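Undergrad: The structure that follows is given in the form of structure tokens.
Just so you know, all these numbers are worked out from the coordinates, no wet-lab data involved. Because the structure is a prediction, the values reported are computed rather than measured. Please note: Cβ atoms are built from the backbone with ideal geometry, for glycine as well, and neighbour counts cover all protein chains shown.
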Amino acid sequence: MNKGTAIVGFFLCFLAGMGLMWGIEHKSGVNIEAESATASGADVGADALIPVTSKDPSWGNPDALVTIVEFSDFQCPFCSKVEPTITKLKENYGPTKLRVVWKNNPLSFHKQARPAAEAAMAVFEVGGSEAFWKFHEIAFQNQKSLDPANFSKWAAQAGVDAAKFDAAYKGGKQAAKVTADAALASKVGASGTPAFRINGVTIAGALPYEKFQQIIDDELAEAKKLIQAGTKRTEVYKIRCEKNAKGAAEKPDRPERPRPEEDKTVWNVPVSEGDPIKGPATALVTLVMFSDFQCPYCKRVEDTVAQVEKEYKDKVRVVWKDNALPFHKRARPAATLAQVAYEEKGDKGFWDAHNALFESAPKLEDADLEAVAKKIGLSWDKVKKAIDDDKYAAKLQASADLAKKLNANGTPHFFANGVRIKGAQPFDAFKKVIDAQLAVADALVKKGIAPDKVYEEIMKGAEEPGVKKVDPPTADNPFKGGAAAKLVIQQFSDFQCPYCRRVEETVDQIQKTYGNKVKIVWRNMPLPFHKDARPAAEAACEAFAQKGADGFWKFHNKLFEAAGSGGVGRDVLEKIAQEIGLDMNKFKKALDENTHKDKIEADIAAAKKAGISGTPAFVIGTQFLSGAQPFDAFKKAIDEELKKVK
């Protein structure tokens with residue numbers, strides 16, 4: 001598992017600010033992308049530092065320019081969380097650029113992981129990579145049901161003959177392969193799951209799409225240089241693995257992209273009356289922790305938090321906020337027990353429960369919770385009733401909502417006087433932030449702020465969570481809904497983005513539900529790795545120029561229909577233009593001369609200035625929603641903002 005990282009439940013098309021447009025390149029008049037090999041050469045990379053052979057399940061062409069080797073575990077929730085990101089990478093890069101190779105690394109404390117790995121390899125033995133990936137998808141969707149009976153059923157669903165699968169699985173030959181994969185993982189330092197090597201470059205954990213994209217784009221650029229210098233595609237993976245291994249041991253062999261700056265933003269993280277607290281009100285640093293009793297990384301970081309308390313004593317107070325992740329089914333019952341302890345025995349009761357729960361974790365079934373309750377002097381009957389009634393649902397949901405607004409999507413997640421610390425970081429990472437915030441707090445005390453008012457004073461100037469300050473749209477931005485509506489929803493979108501297409505049904509539902517109470521404004525944000533997105537945006541702008549909002553929305557609807565059934569290339573744009581009756585001479589001239597470039601650049605600049613990097617993205621009044629979220633998420637934000645504008 002990765003350290004303290006869990007990926008949010010909705011998956012975006014992310015923009016890398018400096019992403020390369022790796023479209024069709026040419027070498028001596030030859031289409032480089034078309035040079036990709038087919039199924040022959042399945043052992044391309046067998047002699048690389050991280051070997052890939054025909055014995056490994058894979059997706060993509062053998063000589064794809066970038067190879068992702070994925071060390072994974074079917075029982076690991078973080079491995080499950082990262083799979084949509086891998087799927088999106090496949091979709092966006094395609095098999096000529098990207099190859100994904102599976103390696104097993106079942107962790108010892110996941111008892112069903114190894115049997116699942118052996119079953120998956122049996123499916124691969126009988127049905128090849130296509131059947132493997134189908135089985136792989138089903139297994140991750142059913143992580144709580146990893147048992148031999150289901151393996152046989154899932155193998156059949158993956159298209160494998162049940163009798164042949166059973167014979168292969170019971171034969172036990174796959175055990176050696178799984179052991180060899182795990183040994184390779186250990187050799188290359190992939191000690192947790194999921195772990196990735198992208199042409200040899202390390203990614204540890206279920207990191208966001210952006211991180212994968214950045215490395216892949218860098219590697220595509222390096223591969224391009226090699227091919228233009230005469231290197232065969234079949235040699236690219238081996239060469240890049242060696243270069244990247246050398247770079248990791250010594251220094252980078254190419255200029256690295258600037259890393260994202262450390263988030264030094266001071267966020268407004270309220271401390272509520274019902275939050276369990278440890279430490280005095282006069283502490284100059286308040287460490288708010290969003291945590292989950294079932295999360296192994298939350299348990300791991302407890303020693304670090306204890307070290308912070310020991311090192312800083314009365315200078316730091318610790319505030320607990322629940323963020324029971326939905327795939328941790330026993331986290332909420334455990335949190336409920338802790339809330340009962342808090343209600344009956346105050347802060348001390350909560351922290352006693354907290355300690356006992358983490359001591360028991362991952363054993364948090366009812367019998368385990370009953371033992372914890374007895375240990376700290378709680379009535380199990382009261383605790384069980386509170387769990388059954390979901391007594392603290394509102395409080396737990398409010399805490400989870402705050403975490404979401406703060407983009408504290410994984411656990412553990414900390415804010416030291418509002419400054420973010422992600423994950424189960426080592427003590428030095430906490431010390432760096434806390435020392436800096438102590439200096440700020442000391443300066444405030446010297447100015448006359450009472451120690452017990454320091455946090456309140458800092459929060460006055462802190463950034464509000466979930467808020468994006470975006471330059472307002474202009475008359476050049478098409479809209480639908482009420483022209484005079486007090487609530488404006490700005491939609492940053494990309495005509496080639498599948499998630500933008502998916503969210504359109506939700507946008508229609510918003511319009512039907514709220515009518516003229518809201519004004520939905522379109523803002524173009526074509527992502528650089530979607531090669532047809534910018535021409536499509538320019539075409540839609542020309543439709544608006546010729547026929548106003550009505551023409552734009554007709555063009556918009558037909559574009560998304562076309563994107564869902566094939567593509568939005570130039571021929572499609574011209575066909576749609578003819579269908580809605582545009583002046584074709586003007587239309588073609590606008591596309592040829594990039595007439596609407598400045599308009600699109602203005603929208604992109606507004607997004608960048610506001611820190612919006614992916615599509616679809618929505619600014620609803622002062623609130624920000626990222627991705628193709630369900631209608632309920634929009635409704636909650638819209639209802640809150642409508643109350644404000646009234």
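Undergrad: Can you give the extra length, in nm with one decimal, that the chain gains between A167 and F631 once fully stretched, where that is 0.36 nm per residue apart less the Cα-Cα distance? The partial results should precede the final answer.
TA: Working: separation 464, 0.36 × 464 = 167.04 nm, distance 4.72 nm.
Additional length available on full extension: 162.3 nm.
Undergrad: Also, I was wondering about something else. What is the order of T595, T506, fewest Cβ neighbours within 10 Å to most? Walk me through the numbers before you get to the answer.
TA: Numbers: T595 16, T506 19.
Lowest to highest Cβ neighbour count: T595, T506.
Undergrad: Now for a different question. What ranking do 93-106, 354-367 get when scored by the average of other Cβ atoms within 10 Å per residue, highest first? Intermediate values should be presented prior to the final figure.
TA: Values: 93-106: 22.4, 354-367: 17.0.
So the peptides 93-106, 354-367, ranked by packing, come out 93-106, 354-367.
Undergrad: Now for a separate question. Ordered by packing density, taken as the mean number of other Cβ atoms within 10 Å over each peptide's residues, highest first, how do 509-515, 572-578, 415-421 rank?
TA: Details: 509-515: 15.0, 572-578: 19.1, 415-421: 22.0.
Result, highest mean Cβ count within 10 Å first: 415-421, 572-578, 509-515.
Undergrad: Right, another one. Would you calculate, for the chain, the mean residue ellipticity at 222 nm contributed by helices, counting each DSSP H stretch of 4 or more residues as -39,500 (n - 2.57) and dividing by all residues, to the nearest 500? Display every interim value, and only then the final one.
TA: On the way: 20 runs with 321 residues, N = 646.
It comes out at -16500 deg cm²/dmol, rounded to the nearest 500.
Undergrad: Here's a follow-up. Which distance in nm do the two modelled labels at K363 and K144 give, with both placed 7 Å along the Cα-to-Cβ direction?
TA: 2.1 nm
Undergrad: Using the alpha carbons of the stretch 509-608, what is the convex hull volume per residue in cubic angstrom, as a whole number? Please report the intermediate quantities before stating the final value.
TA: Details: hull volume 11.7 nm³, N = 100.
Convex hull volume per residue, Cα atoms: 117 Å³.
Undergrad: Sticking with this one: Between A484 and A439, what is the label-to-label distance in nm when each label sits 7 Å out along the Cα-to-Cβ direction?
TA: Between A484 and A439, the simple spin-label model gives 5.5 nm.
Undergrad: Based on the Cβ-Cβ distance from D347 to M584, what FRET efficiency comes out when R0 is 56 Å, to the nearest 0.05?
TA: On the way: r = 73 Å, r/R0 = 1.30.
With R0 = 56 Å, the Cβ-Cβ based efficiency is 0.15.
Undergrad: For R300 paired with E640, estimate the spin-label separation in nm (one decimal), with each label point 7 Å from Cα along the Cα-to-Cβ line.
TA: Computed distance between label sites R300 and E640 equals 3.1 nm.
Undergrad: Give me the distance between the Cα centres of the stretch 306-350 and the stretch 554-577, rounded to whole Å.
TA: Result: 53 Å between the Cα centres.
Undergrad: Amide H neighbours of L487 under 5 Å, at least 5 residues apart or on other chains, H built in the peptide plane: list them.
TA: K519
Undergrad: Which entries of K144/K469; K480/K608; K329/K636 have Cα-Cα distances beyond 32 Å here? Write out the running numbers ahead of the final one.
TA: Values: K144/K469 42 Å; K480/K608 24 Å; K329/K636 25 Å.
Correct reply: K144/K469.
Undergrad: Moving on. Using r as the Cβ-Cβ distance of E137 and Q509, and R0 as 25 Å, what FRET efficiency do you calculate, to the nearest 0.05? The partial results should precede the final answer.
TA: Working: r = 28 Å, r/R0 = 1.14.
FRET efficiency, E137 to Q509: 0.30.
Undergrad: Taking square-rooted eigenvalues a ≥ b ≥ c of the alpha carbon gyration tensor, is the stretch 293-365 rounded, prolate or oblate, where a/c under 1.5 means rounded and, failing that, a/b exceeding b/c means prolate?
TA: Numbers: a/c = 2.10, a/b = 1.36, b/c = 1.55.
Taking the square roots of the gyration eigenvalues as a ≥ b ≥ c, the stretch 293-365 is oblate.
Undergrad: Work out the length of the dipole vector of the stretch 479-645 about its Cα centre, built from +1 on the beta-carbon of each Lys and Arg and -1 on the beta-carbon of each Asp and Glu, and round it to the nearest 20 debye.
TA: Working: 26 positive and 22 negative charges, 90 e Å.
The calculated dipole for the stretch 479-645 is roughly 440 debye.
Undergrad: Can you tell me the FRET efficiency between E561 and A156 if r is taken as the Cβ-Cβ distance and R0 is 25 Å, rounded to the nearest 0.05? Walk me through the numbers before you get to the answer.
TA: On the way: r = 36 Å, r/R0 = 1.43.
Working from the Cβ atoms, E equals 0.10.
Undergrad: Related question: Determine, for each peptide in 399-408, 68-77, the mean count of other beta carbons within 10 angstrom over its residues, then list the peptides with the highest first. Don't skip to the end; give the middle numbers.
TA: Values: 399-408: 19.5, 68-77: 24.9.
Ranking, from highest mean packing down: 68-77, 399-408.
Undergrad: Let's see if you can work this out: charge +1 on each Lys and Arg Cβ, -1 on each Asp and Glu Cβ, no other charges. What is the dipole magnitude of the stretch 411-550 about its Cα centre, in debye to the nearest 20? Present the calculation step by step, with values, prior to reporting the outcome.
TA: Details: 21 positive and 18 negative charges, 37 e Å.
The calculation lands at about 180 debye.
Undergrad: Over the Cα atoms of the stretch 43-249, what radius of gyration and what Dmax do you get, in Å?
TA: Values for the stretch 43-249 (Cα only, Rg and Dmax): 16.6, 53 Å.
Undergrad: Want the number for D428 to T234: 0.36 nm per residue separation, take away the alpha-carbon distance, what's left?
TA: Values: separation 194, 0.36 × 194 = 69.84 nm, distance 4.36 nm.
Extending this stretch completely gives an extra 65.5 nm.
Undergrad: Take the alpha-carbon positions of the chain, form their convex hull, and give its projected area averaged over all directions (one quarter of the hull surface) in nm². Working shown, then result.
TA: Working: hull surface 130.9 nm².
Mean projected area of the Cα convex hull: 32.7 nm².
Undergrad: What length, rounded to one decimal in nm, is gained on full extension from T622 through to D476, with 0.36 nm per residue of separation minus their alpha-carbon distance? Before the final figure, lay out the partial values.
TA: Details: separation 146, 0.36 × 146 = 52.56 nm, distance 2.17 nm.
Result: 50.4 nm gained on full extension.
Undergrad: So how strong a dipole does the chain carry about its Cα centre when Lys and Arg Cβ are +1 and Asp and Glu Cβ are -1, to the nearest 20 debye?
TA: Values: 94 positive and 87 negative charges, 98 e Å.
Charge dipole of the chain: 480 debye, to the nearest 20.
Undergrad: Let me ask something additional. Listing K329, K446 from the residue with the fewest other Cβ atoms within 10 Å to the one with the most, what is the order? List each step's numbers first, then the result.
TA: Values: K329 13, K446 8.
In order of increasing Cβ crowding within 10 Å: K446, K329.
Undergrad: Could you give the spread of the C-alpha atoms of the stretch 277-460 along their three principal axes, from largest to smallest, in whole angstroms?
TA: Sorted largest first, the three principal extents are 52, 29, 28 Å.
Undergrad: Still on this structure, I have one more. State which entries of K211/K243; K519/K643; K315/K395; K264/K431; K404/K635; K134/K531 exceed 18 angstrom in Cα-Cα distance in the structure shown. All intermediate terms of the calculation are to be shown ahead of the outcome.
TA: Numbers: K211/K243 20 Å; K519/K643 15 Å; K315/K395 28 Å; K264/K431 14 Å; K404/K635 16 Å; K134/K531 29 Å.
Long pairs (Cα-Cα over 18 Å): K211/K243; K315/K395; K134/K531.
Undergrad: So for S493, S272, fewest C-beta neighbours within 10 Å to most, what's the order?
TA: Values: S493 26, S272 11.
Ordered by Cβ neighbours within 10 Å, fewest first: S272, S493.
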